[in-house]
Every structure is written in structure tokens, then in C-alpha cells.
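Colleague: Mind having a look at this structure? Questions to follow.
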Amino acid sequence: MSDLTGKKAILEIDGTKYELPIYSGTMGPDVIDVKDILKSGHFTFDPGFMATASCESKITFIDGNKGVLLHRGYPIDQLATKTDYLETCYLLLNGELPNEQQKTEFTDVVRKHTMVHDQMSRFFNGFRRDAHPMAIMVGVVGALSAFYHNNLDMEDVDHREFTALRLIAKIPTIAAWSYKYTIGQPFIYPRNDLDYAENFLHMMFATPADRDYKVNPICAKAMDRIFTLHADHEQNASTSTVRLAGSTGANPYACIAAGIAALWGPAHGGANEAVLKMLDEIGSVDNVASFMEKVKTKEVKLMGFGHRVYKNFDPRAKVMKETCDEVLEALGINDPQLELAMELERIALSDEYFIERNLYPNVDFYSGIILKAIGIPTEMFTVIFALARTVGWISHWLEMQSAPHKIGRPRQLYTGEQQRNIER
Ligand code: SDX
């Protein structure tokens, strides 16, 4: 539990004073424990949770004003450039980076569980071929609890931790198969001789007719870094959804499926797909000025810009932009959409409308350009985000399950009808 500062907030209502304890964490704002407000017959009111800390957590810290993102204390730019995704997974789950032996053991366990129950492959057939892969992800991940009954005693920490590993291991297979199904190609099974990102790209792009298909190592490295940049982000909408679902005791597969559903929205993880559609609609640099006018009249939003927490650069966007330059150069791709994105960024960062609203590029602004360069189709962008964020969701789920917690049950400000009777 965080330290009680000894400080108190005094709330006075109709002459009565209520003392509300103030807690401090390791970093970031102190919090006011508002539980006792109930004694006053009032609720707090905070639609969108603009100023509400929903829980205590040790996993990720964000300083939105300074553009700082730490996972278990390590800055995201160091994790993205000095570790691989599975090392970051181990860190999020366990609190420390793995040593060589721990990394080998963790990688081996993940590799052993990349296959999914063979009956699940037939489960995909219930979807139309033109289904959005995110719709398939929500359905198939939710169905995992129908295929994996063992290790679901949520009181057993070994069961919880094993289920977390199972999800991290299987999510790339389900994601790749969600794509293969929509293009009518046969599923490609995971291979134990490939690393995590390479295995995913192999399942995405190999075919039985091309037995010698090799993943471009430049693409594999970029994919791995994109996974790391999306791994976790504190109490964002989808992680809060997972925590709320988990607070009811729902099984972890159902909780992660709820997180995938929440991530899909264009205001959240769906923004990466929306950025590419926006760049397609703008078409060329010549149209940027007229587009920006539509943004200012609020006809459209500049997708990939703005953030509830970052009122400075999203540190992930900086690494993503550097990666974008590296990948396009290494692959010899001259993508006009990158030039268009950079022009949009240049104009936005010098325009009063965006400056006074603290609107900066977020993680989604450049990711789509890299994913397109790797060959990932646009409708798979949010699936990639969900794949990468699964470790963050399940880390928060584990953290919540490892300590006493109450079911999440917010209240409301009711502005409906007074009680009335049916006159018949
Ligand atoms: C992610 O929470 C997380 O951590 C999420 C995430 C994670 O890793 O989990 O970081 C991932 O979801 C990144 C965000 C991806 N979404 C987008 O790129 C969609 C476009 N961005 C916006 O929809 C918006 O910026 C939000 C949803 C991200 C944040 O919205 P807020 O904090 O509720 O801010 P707001 O809507 O109240 O905006 C404040 C002002 C408004 O103008 P005024 O009413 O003051 O005149 O800024 C304007 C907004 O209209 N504004 C934008 C804008 N975002 C905000 N104007 C144009 N384009 C935008 N993108």
C-alpha cells in the first residue's frame, strides 16, 4: 500500500467538514482517498475519469507533461532499443528484466504454447470471410475459455501465471490466423525455430506453396520493436476494461477479449488504422491546408494526434518515427505517405490550434507507415496493437488478482424521471 502522507484534504459541505486522507506513490501526483465522501451523501463526479486514480499499480508510470513512459522503472526508449519484446514481457510480468537463463526458460515456455487446440481452427469457420480481423480476435480469444478449462482456478497463483503465459504464447497464432482466414489462405502453424516476431510474420505471410519463405530480418526486428512500444500503458481504456472485468472474477480469457473489444475503438487502438485512412483521404501534401481547416472546425480529427495523458510528445512516437526512417531506408521504400505525415506533423506542431490544446503525435501516428512497409494490411493494424498489449493487460490482471480487491462498481449522477406510477 502506498504511503499515507499524513496530509488530509478537508471538504466542507453545508458546514460539515470531512477529512479525506492523501496518499503518495513513488512518483506522480498524490491521490485523495474519497471513500469517506459517502458519509456526506455525495458521490464524486468524474466522467471519462479525467482526474481519477482507479487503482494502485507498480507496472507502468507515465508523466504526461514530461513525455516520460517507464515500465517497472525502465524508460520505453531504452526497452525498445536495448531489449526484445519477450524480455519486456518478462519485465512487465515479474518486475525485473530476465538474466540469460531466465530469458531462455521464458522463451522456451512461450514457444511450447504457441499452438492452439486444433478444434479452434474450425472455430474460425463461423465467421464470414469479410469479417474484420478484430471481430475474429474478440470472438476467438473469448472462446479460449471454452477450450482451456484446466488451470482456471483463479485462487491458484500458478494457474493465473500459467494462463498469462498461455495467452502471450497463443495470441500471435490467433492474430495471424485471423488474417489468413479473411484472405482465404490456409493457416500456417507456429514454428519453434523462429523467435516471437519472426514466427508471427511467418504465420502471416508464409504459404504451403512457399515452403522456403523467409522473414526479412529487418521486418522481424521492426515488428519486435513495435510490439515493445505497444506492450503496456498504465490505466488506458482497454486496460481499465480488463481490470473491471477481472474484478468480477471473470476468467482471464474473457477479460482479455473485453480488452480487445475496447481497444478496437478509433479513439484508442483503432487510431493506427484510422491514420492510414486519413492519409489516404488527404492524398497529397497539397491538400493538407484544407484538411487542417476541417480539423479546426471539428469536422474531422487529426488521427494519431492528441492524448489524454501526454501533453507533450508521446515518447513512443519518437522511437516509432526513428524506426520508421530506419525501416523505410533499409527496405529501400520511398513512401509518399511518410512525407505527408511529416508535413501534417510539421504544420500541427507550429499551429496555435494544436499548440494551445497540447496536441502532439501519439503512438499511432507513425506506426501504420512502418506496418505498411512490413506488408501488414491496414485492417490488421489494431490486431497488432492487441497482440502486443496482451502482456500489459494480463500483467495488470495478475497484479489485481494478487491482492485483495473489490468488484468495480461506479455510481452516477441521475438526471432522469422522478418516481411515478403507471396510470391505467
Ligand atoms: C491510444 O490512454 C492511453 O494510454 C491510450 C494509448 C495506449 O497506449 O493505450 O496511448 C493508445 O489510444 C492513443 C490515442 C489514439 N487516438 C487517436 O489518435 C484519436 C485522435 N485523438 C483523440 O480522439 C483524442 O486526442 C484522445 C481521445 C486521444 C484524447 O482525448 P481527450 O483527452 O478526451 O481530449 P479531448 O477530446 O477533450 O480534446 C481536448 C481538445 C478538444 O478541443 P476543444 O473542445 O478544447 O476545442 O483537443 C481537441 C478536442 O476537440 N482534440 C483534437 C484531437 N484530439 C483532441 N482535435 C483534433 N484532432 C485530434 N486528434
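Colleague: For Cα pairs less than 8 Å apart in space and 6+ apart in sequence, what is the mean separation divided by the residue count of segment 196-274, i.e. the relative contact order in percent?
Modeller: Values: 47 pairs, mean separation 15.9, N = 79.
Relative contact order for segment 196-274 comes out at 20 percent.
Colleague: Relative contact order (percent) for segment 4-53, with alpha-carbon contacts under 8 angstrom and 6 or more residues of separation? Intermediate results must be reported in sequence, preceding the final value.
Modeller: Details: 60 pairs, mean separation 13.0, N = 50.
Relative contact order, segment 4-53: 26 percent.
Colleague: Run through segment 133-215 and list the GluC sites (Glu not before Pro) located in a DSSP loop whose Cβ has at most 11 other Cβ atoms within 10 Å. Kindly include the intermediate steps, with their values, before the conclusion.
Modeller: Details: sites: E155, E161, E198; in loops: E155.
Those satisfying the criteria are E155.
Colleague: List the aspartates and glutamates whose Cα lies under 20 Å from the Cα of K82, skipping any in the same chain that are fewer than 8 positions away.
Modeller: Qualifying aspartates and glutamates at Cα under 20 Å: E96, E100, E105, D195, E198, D224, D232, D314, E322, D325, E326.
Colleague: Straight-line reach from K301: which lysines have Cα under 28 Å away, leaving out those fewer than 8 places along the same chain?
Modeller: K66, K277, K311, K318, K321, K372
Colleague: On to the next question. Might you report the magnitude of the Cβ-based charge dipole of segment 4-53 about its Cα centre, with Lys and Arg at +1 and Asp and Glu at -1, to the nearest 20 debye?
Modeller: Numbers: 5 positive and 7 negative charges, 22 e Å.
Rounded to the nearest 20 debye, it is 100 debye.
Colleague: Highest GNM mean-square fluctuation, the chain, Cα pairs closer than 10 Å: which of A330, A231, A341?
Modeller: Maximum fluctuation in the GNM of the chain, among the listed residues, is at A330.
Colleague: Using the Kirkwood radius over C-alpha pairs as Rh, can you work out the diffusion coefficient of segment 77-404 via Stokes-Einstein at 10 °C, viscosity 1.306 mPa s, in µm² per second? Present the calculation step by step, with values, prior to reporting the outcome.
Modeller: On the way: Rh = 20.4 Å.
This corresponds to a translational diffusion coefficient of 78 µm²/s.
Colleague: Indicate the gyration tensor shape class of segment 4-53 (rounded, prolate or oblate), computed on the Cα atoms with a ≥ b ≥ c the square roots of the eigenvalues: a/c under 1.5 is rounded; otherwise a/b larger than b/c is prolate and the rest oblate.
Modeller: oblate
Colleague: Are there chymotrypsin sites (Phe, Trp or Tyr not before Pro) in segment 34-71 that DSSP marks as loop and that have at most 14 other Cβ atoms within 10 Å, and which are they? Could you put the intermediate results ahead of the total?
Modeller: Working: sites: F43, F45, F49, F61; in loops: F43, F45.
Qualifying residues, ordered by number: F43, F45.
Colleague: Can you work out the FRET efficiency for the pair D156 and K298, with r the C-beta to C-beta distance and R0 = 45 Å, to the nearest 0.05? Kindly include the intermediate steps, with their values, before the conclusion.
Modeller: On the way: r = 51 Å, r/R0 = 1.13.
Computed FRET efficiency for D156 and K298: 0.30.
Colleague: Just K17, K103, K294 to compare: in a GNM of the chain, with alpha carbon springs under 10 Å, which one fluctuates most?
Modeller: K17
Colleague: Moving on to the next point. Take every Cα pair under 8 Å in the chain that's 6+ residues apart, average their separations, divide by the length, and report that relative contact order as a whole percent. It would help to have the intermediate numbers written out before the result.
Modeller: Numbers: 593 pairs, mean separation 82.0, N = 424.
RCO, the chain: 19 percent.
Values quoted throughout were computed directly from the atomic coordinates according to the rules given, and no laboratory measurement underlies them. Nothing here was measured: the structure is a model prediction, and the numbers come from that model. Here Cβ is always computed from backbone atoms with ideal geometry, including for glycine, and neighbour counts include all displayed protein chains.
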